[in-house]
Amino acid sequence: MTHNFIILAYLDPGTGSILLQVVLASLLAIAVGFRIFWRKIKGIFRKDTALEDPEAENDDE
Amino acid sequence: MTTSNSKVLGSSFRDPDGFLFEKEGVLYRQVNQSGAAGYQQLMDSGLYQKLIKAQQIIPHLEADLEPPRPKTAYKILQPERVPLISYPYEWSFSMLKDAALTTLSIQRKALEAGMTLKDASAYNIQFMRGKAVLIDTLSFDPYREGQTWDAYRQFCQHFLAPLALMARVDIRLGQLLRVHMDGIPLDLAASLLSPGMWFNGGLMMHIGLHARAQKTYSDPSKPESKPAARWMKKEGLLALLDSLRNTVKKLSWKPAGTEWGDYYNQTNYTDQAFENKRQVLSGWIEKINPAMVWDLGANNGAFSRIASQAGRFTAAFDIDPAAVEQNYRQVKQAKETHILPLLQDLTNPSANIGWANRERDALAARGPADLLLALALIHHLALSNNTPLPGISAYLRELGSSLIIEFVPKSDSQVQKMLASREDIFPDYTPAGFEAAFSQRWEIVDRSPVADSDRVLYWLKGK
């Protein structure tokens, strides 16, 4: 279903906070990508343990 | 503020998407037209059900009620009532940490459902049945690809900064939240956390660099950034949330070395006195039959549990962060649902604060409780704080309608220790003086000496 309502943020996110967030998000996403890539590389050499990587992150607390 | 016969809550004015009001003692939330998209998507996307299942959001019903402000109204909701509202400056370290992790977990689930949390206020979290839950049903907006997280700054100020200060500098710095209503300013947190903060990746990014970025861009001579710079991939946002979660998770505080931490292991009670006190309390509580109990000076909640385990909602207040922390850990471990440990200094109880002093309620404004427990407390108020007995009696009467209080006489070893280093200026601090002072506002229903000690338990009923 669709609604045509206008969405306005009531919180001031702060210019500095937003710009820092954009920079951090890109860097952290690259770091995550690198970690996944590294895990795959490790997986090639250690196929037997790759499925039970203890460092694999749980999605929830 | 009153609209027809409904009263709008003083804490509910910032968000234009809706507000809370009370009508005939029942709490409702009006959803405005501007909040309709967010509310409808929350309900239709399955996100609400998912959060209910995880016990992370307050349950509500849609109510068929005349809206107090019909011009802007979309719907009226009736949320389940939180037994006792509490504030972040009354929580122990782990309570604030759990509130933070719950907020991040909700934001993750929201993103999966195509939504985002539009705020991350610690005041939107309350403790119900031993768990941190979001009480603001209107905190969700539809997520648009590329959007940044508007609540990032608020999350850092309300959660990350106080947690880092409590864990890494001093547990008492959590009290800064009383002064800073919108969370601890990041430049203040950064200066208190330096230099150690710069060697912790998460704190360096989300507090250190964050404070610097705020300072740089608050300069009015700098031009406003272009909107193009505000675009952010969803993967980036998820990575940012992960980083916040890891940073919060790594912060820890161990309750040790404080004054009261293991009070029950070094108290002068004998086992018999302890057991006798338990039995008397248990019998009286059953006769009083209270729904809401406030245990004042509860320590780690040993006596609060007599009430809570009998199914009565019990708030266990203590001045010591270590005792409250231990109590909360016990609540979590045993999955207890009827006890809420809270930090409270009775010589300076939580006051009415915030805009017009109406946003956050004083302790007394959240009462009265049906029953107060004041065990091994009176000597701290009367002798350490020099509060006259009639003053104690009057304030307790404001807080509750029945009272079980333990009178600790001068002959008690704890009191002797207190008086050892000072002049005894308390001629009225005697059982007779106590009864005379309290009889103005309370009627004595029963009294019982505590075995193996000079202490006496009184059951009092408010006049």
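The values are calculated or read from the model by the stated rules, or taken from the named source; none is laboratory data. As the structure is a computational prediction, the values presented were derived from the model and not from experiment. Cβ placement follows ideal geometry from the backbone for every residue including glycine, while neighbour counts extend to all protein chains displayed. Quick note on the areas: whole protein, heavy atoms, side chains included, nothing else; ligands and nucleic acids left out. Shrake-Rupley method; radii C 1.70, N 1.55, O 1.52, S 1.80 Å.
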Report task. Scan the stretch B:49-57 and give yes if some residue there is open to solvent by 10 Å² or more (accessible area, probe 1.4 Å), at positive phi and either more than 14 Å from chain A (Cβ to nearest Cβ) or of a type in the set (Lys, Arg) (or both), otherwise no. Result -> no
Residues of the stretch B:426-435 being open to solvent by 60 Å² or more (accessible area, probe 1.4 Å), touching a helix residue (DSSP H, G or I) at 6+ places or on another chain (Cβ under 9 Å) and not charged (D, E, K, R), in sequence order, are B:Pro427
Checked the stretch B:304-342 for anything within 23 Å of B:Val280 (Cα to Cα), of a type outside the set (A, V, I, L, M, F, W, C) and part of a helix (DSSP H, G or I); matches are B:Ser304, B:Arg305, B:Ser308, B:Asn327
Checked the stretch B:59-95 for anything open to solvent by less than 70 Å² (accessible area, probe 1.4 Å), touching a residue at least 60 places away in the same chain (Cβ under 8 Å) and not in a helix (DSSP H, G or I); matches are B:His60, B:Pro68, B:Leu77, B:Pro83, B:Leu84, B:Ile85, B:Ser86, B:Tyr87, B:Trp91, B:Ser92
*Might you check whether a residue that is of a type outside the set (Phe, Trp, Tyr), farther than 29 Å from B:Phe13 by Cβ and open to solvent by 30 Å² or more (accessible area, probe 1.4 Å) occurs anywhere in the stretch B:348-364?*
no
Does A:Gly14 count as open to solvent by less than 50 Å² (accessible area, probe 1.4 Å), over 26 Å from B:Ser105 (Cα atoms), at pLDDT below 90 and not aromatic (Phe, Trp, Tyr)? no
Flagged in the stretch B:21-48 as free of Cβ contacts under 8 Å to residues at least 40 places away in the same chain and open to solvent by 30 Å² or more (accessible area, probe 1.4 Å), in numbering order, are B:Glu22, B:Glu24, B:Gly25, B:Ser34, B:Met43, B:Asp44
task: Confirm whether B:Ser11 is within 23 Å of B:Thr102 (Cβ to Cβ) and either within 12 Å of chain A (Cβ to nearest Cβ) or in contact (Cβ under 8 Å) with a residue 40 or more places away in the chain (or both).
output: yes
Per the filter on the stretch B:190-206, residues within 18 Å of A:Leu27 (Cβ to Cβ) and within 14 Å of another protein chain (Cβ to nearest Cβ) are B:Gly201, B:Gly202, B:Leu203, B:Met204, B:Met205, B:His206
- Could you tell me whether any residue of the stretch B:395-417 is open to solvent by 20 Å² or more (accessible area, probe 1.4 Å), under 30 Å from the mean Cα position of the chain (by Cα) and of a type in the set (Asp, Glu)? yes
Within the stretch B:20-46, residues being closer than 13 Å to B:Ile76 by Cα and either within 12 Å of another protein chain (Cβ to nearest Cβ) or touching a Cys at 6+ places or on another chain (Cβ under 9 Å) (or both) number 7
When B:Glu112 is run through (1) over 28 Å from B:Asp187 (Cα atoms); (2) away from chain A (no Cβ under 11 Å); (3) surrounded by fewer than 22 Cβ atoms within 10 Å (Cβ to Cβ); (4) not hydrophobic (A, V, I, L, M, F, W, C), the failure sits at (2)
Exactly one of B:Tyr152, B:Tyr143 is open to solvent by less than 10 Å² (accessible area, probe 1.4 Å) and within 13 Å of chain A (Cβ to nearest Cβ), and that residue is B:Tyr152
Of the residues in the stretch B:260-291 that are in a loop (DSSP other than H, G, I, E, B) and among the aromatic types (Phe, Trp, Tyr), the one that is modelled with the lowest pLDDT is B:Trp260
